[in-house]
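Here the structure is laid out as structure tokens; the discussion comes afterwards.
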Amino acid sequence: MKRSRPSRLLGMLAVGALAAVTAGCSPSETPNAVPTDEGNQTQVLDEEFADPDILQVGDTYYAYASAGNRKNVQVATSSDLLAWEILDDDALPKLPSWTIPGKTWAPEVTQIAEGSFVLYFTATNFDPALQCIGVATATDPAGPFTVVGDEMLVCPEDEGGAIDASTFTTDAGLNLVWKNDGNCCDKDTWIQAAPLSTDGLELAGPTTKLVKQTLEWEGLLVEAPTVVPRDGGFVLLYSSNYFGDASYNVGYASAPALDGPWDKAPEPLLSSDSFGGDRYVGPGGQDLATAPDGQTYLLFHSWDTAVTYRSMYAEPVEWQGTGLRFLEEENG
């Protein structure tokens with residue numbers, strides 16, 4: 001039996017445009033992409049697949065995830081956002097000597113031009129030994145991506161490093177948004193943004209700080225930003241609190257401009273308490289995408305009930321004017 005929660009209308013939200021894509025590697029022979037609705041949840045990939053980033057090219061959707069299954073960056077493909085297959089090959093098979101292997105998180109892939117794709121990834125820098133953001137390029141959205149340069153793209157030592165890059169586009173061009181990893185060392189965690197060069201390989205302007213942790217349910221941090229331009233302003237989806245248990249959640253804020261003022265929603269959009277509290281455990285690492293039939297989905301990871309691995313889920317949402325509702329809220 002489905003349970004509905006009280007409607008929560010998100011003001012000024014919009015789906016960002018999804019970039020176009022072509023062909024990938026051979027999928028795994030093992031089926032791992034059967035959508036389920038067991039326990040009132042829509043699990044679309046029953047594998048370790050955390051921090052999903054969604055990219056569309058042509059008729060194919062690509063989902064990228066943090067390290068797992070012996071890969072630095074995992075990739076899965078779908079034609080409808082619901083049935084997915086993990087590709088055999090690692091999208092980022094080689095890390096440079098100035099990184100410490102073993103922790104490659106929160107990938108973001110952006111199409112710069114036809115046949116030109118840029119991957120932003122989090123890895124542990126060698127000196128200083130902090131988590132920082134690197135950049136790599138490929139001619140195919142499935143990779144293999146090759147790291148560019150001889151150092152991290154964003155690695156602010158005085159802010160504890162940087163993680164969780166994503167991109168968004170305005171009339172002025174492409175922008176990078178990330179979180180400084182301040183919780184590593186008793187510092188604030190600011191979600192911040194800066195313009196990128198046209199090739200996506202360099203920061204091209206000053207950094208703007210958007211929001212930091214201020215609400216009780218955010219715990220010690222905010223992270224995993226998704227910025228959506230909307231009606232001349234911006235909406236920010238973000239994850240907060242501790243990723244490793246049920247306290248992780250998805251919040252949101254809106255602002256008329258990147259430099260604010262930012263207005264946070266007083267409660268999370270999605271948490272372990274959502275949908276009656278029996279559906280998700282620590283949901284987060286969110287992204288938005290629209291299926292071929294026009295249905296929009298919030299895609300994210302959630303722990304299994306034993307809190308042993310995080311797999312990918314999708315919740316259908318619908319737009320009502322400038323707001324977004326989970327379909328179950330609307331239809332009960």
Exposure proxy check: Ser97, Ser247, Ser239, Ser274 ranked by fewest other beta carbons within 10 Å?
-> Ser97, Ser247, Ser274, Ser239
Mean separation of Cα contacts under 8 Å, 6 or more apart, over the residue count of the range 43-331: relative contact order % = 13 percent
Just rank Ser78, Ser240, Ser197, fewest to most, by other beta-carbon atoms within 10 angstrom.
-> Ser197, Ser78, Ser240
Relative exposure of Trp217, Trp105, Trp262, Trp84, judged by other C-beta atoms within 10 Å (fewest first) | Trp217, Trp262, Trp105, Trp84
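Any idea what the dipole of the range 43-331 comes to, in debye rounded to 20, about its Cα centre with Lys/Arg Cβ at +1 and Asp/Glu Cβ at -1?
360 debye
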The range 43-331: Lys pairs at Cα distance under 19 angstrom, eight or more positions apart or on different chains | 12
Please grab the % of Cα pairs in the range 43-331 that end up more than 31 Å from each other.
-> 21 percent
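Computed from the coordinates by the stated procedures, all read-outs in this text should not be read as laboratory data. Since the model is a prediction, treat every value here as computed from it, not as a measurement. All Cβ positions, even for glycine, are placed from backbone atoms using ideal geometry, and neighbour counts span all protein chains on display.
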